[in-house]
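Quick notes on the structure that follows.
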Amino acid sequence: MDTFIIFYVLLFIVAFLYASVGHGGASGYLALMALYGIAPDVMKPTALLLNIFVSLISFMQFYKARHFNWKIFLPLALASLPLAFAGGLMVIYGDVYKKILGVLLLLPVIRFAFFSNTDVTEMKKPSVVLSVVIGGTIGLLSGMIGIGGGIILSPILLLLKWTNQKQTAAISALFIFINSLAGLGGQLVKGIEFNSSMIGYVAVALVGGLLGSWLGASKFNQPVLRKILATVLLIAAIKLITI
């Protein structure tokens with residue numbers, strides 16, 4: 001019983017912290033489930049399902065605060081959607097899945113540790129062609145692993161200086177939502193089944209996501225907590241890679 005309580009507490013914290021910066025949290029959910037020994041064929045659809053709810057809540061909060069930019073979002077999304085669906089049809093088993101996940105977990109570590117306080121003062125005009133390439137590549141990876149792709153997209157947007165922090169969070173949130181829907185669609189085509197424990201996961205993640213997105217969009221940033229999250233994810237990544 002104590003083990004399950006700890007799991008739900010950690011799930012709440014992951015949803016809260018990720019939502020505060022406009023992410024669905026799939027990479028965190030996957031790391032948590034992997035460390036608790038949950039099978040990859042259960043991890044992937046569960047993380048995508050949680051992503052859908054939390055990222056939508058996060059997007060609504062950032063959209064209300066007027067941080068969203070459709071012109072930047074659309075080419076990324078249109079390229080990503082079909083490839084996220086295709087990725088959801090792919091099957092990656094056992095140790096290979098965990099090692100790929102471990103490598104991808106390094107991306108949110110970089111995001112939270114080095115880009116949490118990036119202040120873009122002079123933004124550049126986005127390239128449509130590059131947006132399509134970026135969106136398609138991230139979409140495929142998202143569907144394959146069971147993430148929304150925000151952990152990959154966010155640092156890229158900031159490095160390219162296409163968006164500031166709040167705009168990045170808003171665009172990433174909706175990007176995660178549509179990719180998670182597409183990836184889950186690919187999973188459903190394969191005939192996956194959902195189990196009853198997912199209801200509890202969604203309920204806990206929803207509460208954490210609501211609180212985190214509200215505070216992140218309109219109240220305050222949490223640089224210290226994000227660095228703590230980065231440290232935890234780094235430990236998880238190393239463990240998954242070296243298993």
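Throughout, read-outs are computed from the coordinates displayed, never taken from laboratory work. Here the structure is a predicted model, which is why all the values come from computation and not from measurement. Every residue, glycine among them, receives a Cβ derived from its backbone with ideal geometry; neighbour counts consider all protein chains shown.
Here is how the numbers come out for the structure above:
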{"read-out": "Candidates 126, 155, 45, ranked by Gaussian network fluctuation over the chain, Cα under 10 Å, top entry", "value": "126"}
{"read-out": "Most mobile of 25, 200, 135 in a GNM of the chain (Cα contacts under 10 Å)", "value": "200"}
{"read-out": "Whole-angstrom gap from region 135-191 to region 23-62, using each part's C-alpha centre", "value": "12"}
{"read-out": "Separation in nanometres of the label points that stand 7 Å from Cα toward Cβ, at residue 207 and residue 91", "value": "3.7"}
{"read-out": "Mean ellipticity per residue at 222 nm, deg cm²/dmol - from DSSP H runs of n ≥ 4 across the chain, formula -39500 (n - 2.57)", "value": "-27000 deg cm²/dmol"}
{"read-out": "Greater than 30 Å apart at Cα, pairs in 44/161; 64/124; 161/239", "value": "44/161; 161/239"}
{"read-out": "Choice from 166, 99, 64 with maximal GNM fluctuation in the chain (Cα, 10 Å cutoff)", "value": "64"}
{"read-out": "Value of relative contact order over the chain, rounded to a whole percent, pairs C-alpha under 8 Å and six or more apart", "value": "38"}
{"read-out": "Global geometry of region 1-108, whether rounded, prolate or oblate, following the gyration tensor of its Cα atoms and the 1.5 cut on a/c", "value": "oblate"}
{"read-out": "Radius, Kirkwood style, for region 2-242 when every pair of distinct Cα atoms is counted (Å)", "value": "17.2"}
{"read-out": "Label-point separation in nm, residue 198 to residue 231, each point 7 Å along Cα→Cβ", "value": "3.5"}
